[in-house]
Amino acid sequence: MKAKLWTFATILLLSAVNSSFAKVNLWPVPDGEPVSQYWSVEINGQKVGALTARTADEPFQNYDYGGEYAFLSVDADEPITLKIKEETGANLDALTIRPLSLGLKPTRNADGTFSVTVDKPCQFSVEYDGRLHPLLVFVNPPEENVPSPDDENVIYFGPGVCRAGRIAVKDDQTLYLAPGAIVQGGIHVEGKNVKICGRGVLDSTPWKWREGPTGHTIAVTNSQNVSIEGIIVRGSSHWTVVPVNSDRVTIHNIKLCGGRVQNDDGINPCNSRDVHVSNCFIRTDDDCMALKGLEVDYGNCEDVTAENCVFWCDRARIVLMGHESRAPYMRRVTFRNCDVIHSQTRNFLLEPGENMRMEDVTFENIRFETGKENALSPEALEKMKSIDTKTLRFDVDVANKDNWLFVGRPTVNQYMRTQEPGYVKNITIKNITVTGPASYCGILFNGVDDEHSTDGLTIENFVLFGQKQTADSPLIHIGDFTKNVEIK
């Protein structure tokens, strides 16, 4: 059956859009869709409307994540210049573009606006006061191999707003969200050789917490050879992208604009294998990524790589590994060349239980930026200097509440059916840098007993606020039942 779904609304004539052969492609905001009142933007002299995303919906409105924020997307294969204006009169003296590793520095113009030139695909946050009403900018490479709406195996959403609800995608199908499409719904994939792509927005904001049309905003179940790329997901009502018992899943250049509700984890590979995540921007309230082994008979969670990503977590962890997990193994996992631009607690948390073996995990070239939400008072800084972390327990306030970078140990917690710890083996933490306001952040590992230990830990080139940390650093805590440790 042909699945051409682009007559649900008046198709916008893209008069403001360069042709498909142009080097820079911009798209108008669909009728009825609000644009940001905080930011106005021009790209190469053409005005562009920025869409909005929410934080802290009910019942979470007591959390302060900076309120509404804006985002926009553009395709370009040549340098582009953004001219940015903040519309509320805020003080822009501290205007910053994160991640800092991009080296993008805005220039103040005579009219009070700012300009910045971008010469390659990237994703960044324009901020004048940390998390307060930022502007997210997603610069994509031009689309290739755009599917035809006339193809029998293509589910096609054209420009405009559509209340789609549950979207089922099966064997050999492509789901395409065109530029300018805002598709209100959730996606359920179960099949082989499936592709989800485009430059449109999958929008979950019409649904309350945990009441979305699908169990997860993009649920991939019992599937093989699945590709998800290019789209934006706004306001997830629960976990966002979740491959369960699936193999060979590629997630590339997607942008998650979350923070609206708790439990909006970004990308959660669960009992899945050969998962590759690259060039993604992830903002969430809950974990940006959580690797889980939900059921024993679903198989292991293994061969997972995340690289060249930007992470922003308002409340929970950047990466969580091991909770709610009863698979035999979680192994061969790599995070490389990633930026953490906002975080709140233990950033990378490794806690296997139920006898699961967590093995061969590598974190390399990870750049952390601390913000005012992490900064310590002068009194707290003095206290930090006097803490004897060699005797520090994980259940004391400083271990549980401060901005630790890496925490790892076999554990028993409330998410476990079998109250047995797991195992940690062969962890590599390499080329880690932290910049920004001073905060209490470090590395903590320990074991539980001789059997449930942390065996094999390498920490190399850990640079904290410009100072390389050594084995005697008070911010590298190696606890009991931890062996074969090398710090260099």
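Ranking D286, D450, D171 by Cβ neighbours within 10 Å, fewest first, what do you get? If you can, show how the numbers build up before the last one.
Numbers: D286 24, D450 9, D171 13.
Exposure proxy ranking, most exposed first: D450, D171, D286.
Rounded, prolate or oblate: pick one for the stretch 112-218, where a ≥ b ≥ c are the square roots of the eigenvalues of its C-alpha gyration tensor, a/c under 1.5 means rounded, and failing that, prolate if a/b is larger than b/c, else oblate.
It is oblate, given that a/c is not under 1.5 and a/b is not larger than b/c.
Quick one: T88, T205, T458, T117, fewest Cβ neighbours within 10 Å first, how do they rank?
Details: T88 9, T205 19, T458 15, T117 12.
Listed from fewest to most nearby Cβ atoms, that is T88, T117, T458, T205.
In which sequence would V333, V137 go, from the one with the fewest C-beta neighbours within 10 Å to the one with the most?
V333, V137
Summing -39500 (n - 2.57) over the DSSP H runs of n ≥ 4 in the chain and dividing by its residue number, what mean residue ellipticity at 222 nm do you reach, to the nearest 500 deg cm²/dmol?
On the way: 2 runs with 14 residues, N = 488.
Value at 222 nm, helices only: -500 deg cm²/dmol.
Sequence gap at least 6, Cα distance under 8 Å: using those rules, report the relative contact order of the chain to the nearest whole percent.
On the way: 1478 pairs, mean separation 41.0, N = 488.
Once normalised by length, the contact order is 8 percent.
Explain nothing, just the number: dipole magnitude of the stretch 3-140 about its Cα centre with +1 on each Lys and Arg Cβ and -1 on each Asp and Glu Cβ, in debye rounded to the nearest 20. Spell out each step's value before the answer.
Values: 11 positive and 17 negative charges, 79 e Å.
With Lys and Arg at +1 and Asp and Glu at -1, about 380 debye.
In the chain, if the dipole is taken from +1 on Lys/Arg beta carbons and -1 on Asp/Glu beta carbons about the Cα centre, which of W39, V277, F348 is farthest to the positive end?
Positive-most Cα among the choices belongs to W39.
Tally Lys/Arg at +1 and Asp/Glu at -1 over every other residue whose Cβ is under 11 Å from the Cβ of G408; what's the total? Walk me through the numbers on the way to the answer.
Numbers: positive: R346, R409, K425; negative: E351.
Charge balance near G408 sits at +2.
Consider a paramagnetic label point 7 Å from the Cα of N484 along Cα→Cβ; state which residues of the stretch 445-466 have an amide N under 14 Å from it.
Flagged as within label range: 451-459.
Quick one: putting +1 on the C-beta of Lys and Arg, -1 on the C-beta of Asp and Glu, what dipole do you get for the chain around its Cα centre, in Debye to the nearest 20?
Numbers: 49 positive and 65 negative charges, 85 e Å.
With only Lys, Arg, Asp and Glu charged at Cβ, the dipole is about 400 debye.
What nm value, rounded to one decimal, do you get for the distance between V146 and H276 when each label is placed 7 Å out toward the C-beta?
The modelled label-to-label distance comes out at 2.6 nm.
What shape does the stretch 178-259 have by the C-alpha gyration tensor, where a ≥ b ≥ c are the square roots of the eigenvalues, rounded means a/c under 1.5, and otherwise prolate means a/b greater than b/c and oblate the rest?
Numbers: a/c = 2.01, a/b = 1.27, b/c = 1.58.
It comes out oblate by the Cα gyration axes.
Putting +1 on Lys and Arg Cβ atoms and -1 on Asp and Glu Cβ atoms, find which of V310, N245, I427 reaches farthest to the positive end of the dipole of the chain.
V310
With charges set only on the Cβ (+1 for Lys and Arg, -1 for Asp and Glu), what does the dipole of the stretch 88-224 come to about its Cα centre, in debye to the nearest 20?
Numbers: 13 positive and 15 negative charges, 88 e Å.
Dipole about the Cα centre, nearest 20: 420 debye.
Would you mind checking K170/K255; K47/K208; K120/K468 for any pair whose Cα atoms are more than 26 angstrom apart?
Details: K170/K255 23 Å; K47/K208 33 Å; K120/K468 31 Å.
Listed pairs above 26 Å: K47/K208; K120/K468.
Over every pair of different alpha-carbon atoms in the stretch 3-140, take the mean of 1/r and invert it; report that Kirkwood radius in Å. Intermediate results must be reported in sequence, preceding the final value.
Details: mean 1/r = 0.0613 Å⁻¹.
Result for the stretch 3-140, one decimal place: 16.3 Å.
Under a Cβ-Cβ cut-off of 10 Å, what is the net charge of the residues other than V448 that fall near it, where Lys and Arg count +1 and Asp and Glu count -1? Walk me through the numbers before you get to the answer.
Values: positive: R409; negative: E420, D449, D450, E451, D480.
Local net charge: -4.
Values in this text are rule-based calculations from the coordinates and carry no lab data. What you see is a predicted model, and the numbers here were worked out from it, not measured in a lab. So basically every Cβ, Gly included, is an ideal-geometry build from the backbone, and we count neighbours across all protein chains shown.
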